[in-house]
Amino acid sequence: MICVWAKQALLPSGWAKDVRVDIGPDGRIKTVTTDAPEAGDRFGLLLPAPVNAHSHGFQRAMAGLTERRGPDPKDSFWTWRQLMYRFLQKLDPDHIEAITAMAQMEMLEAGYAASVEFHYLHHQPGGLPYANIAETSARIAAAAAQTGIGLCLVPVKYQFGGCDGRALGAGQDRFGNDADRFAALHAGAVAGLSGLPPDRAHGAAPHSLRAVSQQDLRSFADRFPAGPLHIHLAEQIPEVVEVQRNWGARPVEWALDNIGLDDRWCAIHCTQMTPEETLRLARSGTVAGLCPITESSLGDGIFDGVRWLDQGGAIAIGSDSNIRIALSEELRTLDYSQRLRDHSRAALAAHDRSTGRRLYDSVLTGGARASGRDTGALEAGRWADMLALDAASEHLAVRNGDALLDSWIFAADDRLVTDVWSAGRHMVKDGRHIHRAPLVRAYCRAIEELKDAL
Ligand SMILES: [Zn+2]
């Protein structure tokens, strides 16, 4: 039994004082007691730790290397595509494991307890499957075993190079599967999770409207009846134009009318929606998986968070390309994007909750749903996903209640995160992952081997 005590904690009922959390050997919270005498490991400020709802772990190695322009100034993806192509010629399963473990370690240090890995890099360079068809999925699981993050693995079906059903292009050969091969891969990937602790989870994903057939999209939920379903949706204007030209409807419009989107689904990005689409998608129960730092980095556009939350829409956040892994910064970037567009302040605050509190509450609930994980609150029965903030920090001095969250998110950063537990596994202590040194060494070794491709 693990016992954690905090001077202040955020509970489902609100802020509480002198809170004792007892965690069972199964990693679930056994009891939460308020006004309890000091006991066990003591902390100033305890919060539920959210889920990172969207990640491509291997992309962490490319962070910071695509900030130059190619020969055509209008083609903003040129540098990114060139790098990705070179990189994917070289990247092997050992590299995938080491880079993903590094990213997961940084997620834990940022305050995330769990991660949804949207995993589409399945095969060898050239497109042949590995001897174990789910080899790269097994490496994501191996990374999670090393870092202790709560993993929700989402194997991704990717088949075509565009909405017209054309073949995959150069550099996409490692992603592709037809229906049968994807079914085998998915089963293998799920079997490969069996060595992880019981908080592991899995889902399934059609990559996007461009990468799978209409028929496939319509039947996907029935073919994968367990766990959350994820999809990239309405990220950029060229995608809207392509779907509209080929299928006669905008992406969100088409998805709403054909896929049966509901609360099992997490639609990633949704930056290109009309007000009408925003209302319909929010009401469908679909979680919007927002990746504000990556969306800023790629110039995708701005999600309509004000309208979405006012409709009761659910949101989760994800680090996506992993160009930065920073929990407080994702939330800050999301709100700042709304302010810049609307010339407003405290854009996502509610009448009874500050901006930070509403954002934090929202991503706790949405992240739990998007990951099929029993998390999102400090209460008995749920996984003990928790983080402690440095209550002695000058940035939190004389703050109480919601102002603590606001000051962390808007006036400080993740350096305030001192301790993180994932399903009771105490993986971050004093701001550092407990296996940081070997994980960083393995990452640097992988990068050194890949340096000619980077
Ligand atoms: Zn993505």
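Right, D94: outside the structural domain of R425 (by TED's automatic domain parsing), under 16 Å from T147 (Cα atoms) and acidic (D, E) or not? Don't jump to the end; show me each part of the working.
Values: outside the structural domain of R425 (by TED's automatic domain parsing): yes; under 16 Å from T147 (Cα atoms): yes; acidic (D, E): yes.
Criteria met by D94.
Considering only the range 228-261, state which residues are in a loop (DSSP other than H, G, I, E, B) and under 14 Å from T274 (Cβ atoms).
Correct list: A234, A249, R250.
Test each condition in (1) within 16 Å of the ligand (Cβ to nearest atom); (2) touching a Pro at 6+ places or on another chain (Cβ under 6 Å) for H123 and report the one that comes out false.
Only one criterion is unmet by H123, namely (1).
For E277, state whether it is of a type in the set (D, E, K, R) and surrounded by 22 or more Cβ atoms within 10 Å (Cβ to Cβ). Explain how you work it out, then say what you get.
Working: of a type in the set (D, E, K, R): yes; surrounded by 22 or more Cβ atoms within 10 Å (Cβ to Cβ): no.
For E277, the condition - of a type in the set (D, E, K, R) and surrounded by 22 or more Cβ atoms within 10 Å (Cβ to Cβ) - is not met.
Residue check: is S115 in a strand (DSSP E or B) and either at pLDDT below 95 or polar (S, T, N, Q) (or both)? Walk me through it before giving the result.
Numbers: in a strand (DSSP E or B): yes; either at pLDDT below 95 or polar (S, T, N, Q) (or both): yes.
Yes, satisfied.
Just one of (1) within 16 Å of the ligand (Cβ to nearest atom); (2) among the aliphatic types (A, V, I, L, M); (3) crowded, with 22+ Cβ neighbours inside 10 Å trips up L47, so point out which.
The single condition L47 does not satisfy is (1).
Could you count how many residues in the range 216-227 are among the hydrophobic types (A, V, I, L, M, F, W, C) and either open to solvent by 20 Å² or more (accessible area, probe 1.4 Å) or in a loop (DSSP other than H, G, I, E, B) (or both)?
So in the range 216-227, the residues among the hydrophobic types (A, V, I, L, M, F, W, C) come out as 217, 220-221, 224, 226.
Of the ones still in play, those that are also either open to solvent by 20 Å² or more (accessible area, probe 1.4 Å) or in a loop (DSSP other than H, G, I, E, B) (or both) are 221, 224, 226.
Qualifying residue count, the range 216-227: 3.
Could you list all residues from the range 172-195 that are touching a helix residue (DSSP H, G or I) at 6+ places or on another chain (Cβ under 6 Å) and open to solvent by 20 Å² or more (accessible area, probe 1.4 Å)?
Hit for the range 172-195 is G192, nothing else.
Against the definition (within 16 Å of the ligand (Cβ to nearest atom), of a type outside the set (S, T, Y), assigned to a helix (DSSP H, G or I) and under 20 Å from K451 (Cβ atoms)), how does A98 come out, yes or no?
Values: within 16 Å of the ligand (Cβ to nearest atom): no; of a type outside the set (S, T, Y): yes; assigned to a helix (DSSP H, G or I): yes; under 20 Å from K451 (Cβ atoms): yes.
Spelling it out, it is not the case that A98 is within 16 Å of the ligand (Cβ to nearest atom), of a type outside the set (S, T, Y), assigned to a helix (DSSP H, G or I) and under 20 Å from K451 (Cβ atoms).
Looking at (1) buried (at least 24 other Cβ atoms within 10 Å of the Cβ); (2) on the phi < 0 side of the Ramachandran plot, which is the one condition that is false for G111?
Result: G111 fails condition (2) only.
Give T375, T355, T333 a once-over and let me know the one that is more than 30 Å from I23 (Cα to Cα) and surrounded by 24 or more Cβ atoms within 10 Å (Cβ to Cβ).
Testing whether each residue is more than 30 Å from I23 (Cα to Cα) and surrounded by 24 or more Cβ atoms within 10 Å (Cβ to Cβ) leaves just T355.
Taking interchain pairs and intrachain pairs at least six residues apart, which have beta carbon atoms under 7 angstrom, with the first residue in the range 256-283 and touching a residue at least 60 places away in the same chain (Cβ under 8 Å) and the second part of a helix (DSSP H, G or I) and open to solvent by less than 40 Å² (accessible area, probe 1.4 Å)?
C266/A370
Any residue at all in the range 150-173 that's over 21 Å from A446 (Cβ atoms), in a helix (DSSP H, G or I) and assigned by TED's automatic domain parsing to the domain that holds D92? Can you show your working first?
Taking the range 150-173 and keeping what is over 21 Å from A446 (Cβ atoms), we get 150, 152, 154-170, 172-173.
Now drop any that are not in a helix (DSSP H, G or I), which leaves none.
Among the residues of the range 150-173, not one is over 21 Å from A446 (Cβ atoms), in a helix (DSSP H, G or I) and assigned by TED's automatic domain parsing to the domain that holds D92, which makes the answer no.
Out of the residues in the range 196-212 meeting the condition of being in a loop (DSSP other than H, G, I, E, B) and open to solvent by 40 Å² or more (accessible area, probe 1.4 Å), tell me which one is nearest to G299 (Cα to Cα). Spell out how you get there, then give the answer.
Step one: filter the range 196-212 for residues in a loop (DSSP other than H, G, I, E, B), giving 196-200, 203, 207, 209-212.
Add one more test, that the residue is open to solvent by 40 Å² or more (accessible area, probe 1.4 Å), and what stays is 197-198, 200, 210.
Numbers: P197: 38, P198: 38, R200: 33, R210: 20 Å.
Once the filter is applied, the top-ranked residue is R210.
Quick test for you: out of A61, A113, A53, pick the one residue that is closer than 19 Å to Q172 by Cα and touching a residue at least 24 places away in the same chain (Cβ under 8 Å). Give the steps one after another, and end with the answer.
Numbers: A113 fails: closer than 19 Å to Q172 by Cα; A53 fails: closer than 19 Å to Q172 by Cα.
Residue meeting the stated conditions: A61.
Which residue pairs have Cβ atoms under 9 Å apart, sit 6 or more places apart or on different chains, and have a first residue in the range 439-454 that is at negative phi and a second that is modelled with pLDDT under 95 and open to solvent by 100 Å² or more (accessible area, probe 1.4 Å)?
Final answer for the pair search is D452/R86; A453/R86; L454/R86.
Any idea which residue in the range 438-454 is least open to solvent (accessible area, probe 1.4 Å), counting only those that are under 22 Å from L196 (Cα atoms) and hydrophobic (A, V, I, L, M, F, W, C)?
Initially, the range 438-454 is screened for residues under 22 Å from L196 (Cα atoms), giving 438-440, 442-443.
Within this subset, residues satisfying the condition of being hydrophobic (A, V, I, L, M, F, W, C) are 439-440, 442.
Numbers: L439: 7, V440: 38, A442: 28 Å².
My answer is L439.
Test of understanding: among I325, I315, which residue is under 19 Å from M105 (Cα atoms), among the β-branched types (V, I, T) and buried (at least 24 other Cβ atoms within 10 Å of the Cβ)?
The conditions single out I325.
Cβ contacts < 6 Å: first residue at pLDDT 95 or above and basic (K, R), restricted to the range 232-253; second residue part of a helix (DSSP H, G or I) and open to solvent by less than 50 Å² (accessible area, probe 1.4 Å), any location; separation 6+ or different chain. Result?
R250/V240
Consider L387 carefully, then state whether it is touching a strand residue (DSSP E or B) at 6+ places or on another chain (Cβ under 7 Å), in a helix (DSSP H, G or I) and modelled with pLDDT of 95 or more.
Working: touching a strand residue (DSSP E or B) at 6+ places or on another chain (Cβ under 7 Å): yes; in a helix (DSSP H, G or I): no; modelled with pLDDT of 95 or more: yes.
No; evaluated as a whole, the condition is false for this residue.
Mind listing whichever residues of the range 50-82 are of a type in the set (A, V, I, L, M), within 16 Å of the ligand (Cβ to nearest atom) and surrounded by fewer than 19 Cβ atoms within 10 Å (Cβ to Cβ)?
Initially, the range 50-82 is screened for residues of a type in the set (A, V, I, L, M), giving 51, 53, 61-63, 65.
When the remaining residues are screened for being within 16 Å of the ligand (Cβ to nearest atom), the result is 51, 53, 61-63.
A63, the sole residue that qualifies.
The values are calculated or read from the model by the stated rules, or taken from the named source; none is laboratory data. Here the structure is a predicted model, which is why all the values come from computation and not from measurement. Don't worry about glycine lacking a Cβ; one is built from the backbone with ideal geometry, like all the others, and counts go over all protein chains shown. Side chains included, ligands, DNA and RNA excluded: accessible areas come from the protein's heavy atoms. Shrake-Rupley method; radii C 1.70, N 1.55, O 1.52, S 1.80 Å.
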